[in-house]
Structures are given as C-alpha cells and as structure tokens.
Amino acid sequence: MVTTFMKNKPLIIIVIITVLGAGFLFLPMVSILLYSTFSIKTMLSDYVLKAIAISLKSTGISLIATLILGIPISWLMARYNFKGKGILHIVFRLPTVLPPSVAGILLLLSFGRAGFIGKYLDLYGINISFSFIAVVMAQTFIILPQFITATTHIFKSVDKTLEDAAADLGLKPYQVFYKLTLPMCRKPIVTQSILCWARALSEFGATIIFAGNLTGKTQTLPLAIYMALERDLNLSISISMVLVIISLAVILGVKKYEMY
C-alpha cells in the first residue's frame, strides 16, 4: 500500500495543485451568486440599458473592423516573406502584452485633440477622443492583434500544396483564398471571432482613458460597473453577473461549435 502511494505520489501532488488552482478561479465566480441581488427591474433601468446598447453596438462594429483588417493581414503574414515582416510582426504582437491603460494613453496621444494625428483632425472639426468612435477604436486596438496572431497560425496550418494545386488548375490567388483557404479555416476563425468579441465586451482600461466614462455616450458595461461601484454595490454586482453569464454562454457556445 505504501509502495503504491509512493509510485502515485507525483500524480497525487498534481491533482492537489489542480484542485487548488480550479478552486481559486471557481470560488470567486460562485460568490457572485451568493451576494447578487439580481432583479429584472434593476437590469431594465435606463442606466443599465444604455450601457448594454453601447456595448453591443461598439463591440459589433469593432468585430467587423477586426475581421476586415485582420483576415487579409493574417493571410499575408502566413503566406509571404518580405522585407519588414519582422517589424510588422512586432507591431502586431506588441499591443497583446501592453497593459490596456497604456493602450489608452497611446490612442489619446495619437488621436486626442492635441495628439499627433488628432490635432490635424481638430482643424476640420473632427474630435475622436471621448466619443463613441473612441470606444470602437479602443476595443479594436485591443482585439485586432489577438485576432491577427491567432488567425495567422490558422492560415499557416493549411497545407500550401493544396493552394498550389488549386492555382495550377487555373484559380487566381483571390479565388484560391476565397474558395479553398477560407472555407477550410472557417470554424477556427469563427471561434476566434467570438472570443475576440467577448474580449472587446470586457475591455476597460483603454476605453476609460481614451473614450471616457460618459453615461449614454461612451459608457460600456465594464465602465458601468466601475461607476456603480462608487454609489450602489448591488447594482455593480448585478451588472457583473450579467457579464459572467454572457462570458459563460460564450465559452459554452464556442465549445459546442467546435464539437459540431
């Protein structure tokens, strides 16, 4: 019996560590159910509905922008070697390790009224910072690098000999991409799109610095939680519970989609 225990000791230690790690992550999520005073009346309040509307609208637009920019960039990075590719690789990866608050500062210095680009836009009466478009830009700045990194690896996983064979049959490069490569990568790209949308929904740091926390204008759900925390703990907990439910639905949805 002792010998068996000694043989299995490494596995037992790993199991204990796993339980501790899972408990550390799981218990805080369960605690919200114990303290939440969730009510339909609270969630239908004007304050919450405005934050929901801004969150859904901004994340939808930022996801579309990410797909439009990210898919061509990812395909280019996956299939071609060119001068300056290493620099582009750094440009596309750096935002993924920057603190969101730093990202907000960078956007403000670039597109704020006195920013590098913003000061010229201001001459034409265009002010991006502390506006709805600033919310979209902050979210896109955060999720675009994540999408490009993941999708580049997805495109690299496609056997290039299949693309070459399709080209030999007379298909033009864009036809090969549209009719062969993209359909083969559809499922993982959809999965990454959903995960990026969820990340945009939870974005806080870059948004509050670049777009502000203006109720009914730039206040998304995470910003609404921050504001409510100062005056109504129950309201902030209720909104947090909504985001937990949405996040759980995203994870379960992605898992089911991947199994389909």
- Note on the structure: The convex hull of the Cα atoms of region 116-223, divided by residue count, gives a volume in Å³ per residue of 143 Å³
- Going 7 Å from the Cα of Leu252 in the Cα-to-Cβ direction, what parts of region 190-205 have a backbone nitrogen less than 11 Å from that spot? none
- Item | region 1-132 - Kirkwood radius from inverse mean 1/r over Cα pairs (Å) | 21.0 Å
- Using θ = phi - 60° and the Karplus form 6.51 cos²θ - 1.76 cosθ + 1.60, what ³J(HN,Hα) does each residue of region 128-137 get, whole Hz, x for Gly and Pro? 8, 4, 6, 9, 4, 4, 5, 4, 4, 5
- Note on the structure: From DSSP H assignment alone, runs of 4+ in the chain each adding -39500 (n - 2.57), the sum over residues rounded to the nearest 500 puts [θ] at 222 nm at -25000 deg cm²/dmol
- Which of Gly118, Gly21, Gly212 moves most in a GNM of the chain, Cα contacts under 10 Å? Gly21
- region 186-252 - Rg (one decimal) and Dmax (whole number), Cα, Å: 13.6, 45
- Leaving out same-chain residues fewer than 8 places away, which lysines sit with a Cα under 30 Å from that of Lys41? Lys50, Lys57, Lys217
- Given 0.36 nm per residue, what is the gain on full extension from Val244 to Leu20 after removing their alpha carbon distance, in nm? 78.5 nm
- Task: Answer with a single label: of [x] 17.8; [y] 12.8; [z] 21.5, which was calculated as mean projected area of the Cα convex hull in nm² from the structure in view?
- Result: [z]
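Laboratory data are not the source of any read-out in this text; all were calculated from the coordinates shown. For clarity, every value in this text was computed on a predicted model and none was experimentally measured. Using ideal geometry, Cβ is built from the backbone for each residue, glycine included, and neighbour counts are taken over all protein chains shown.
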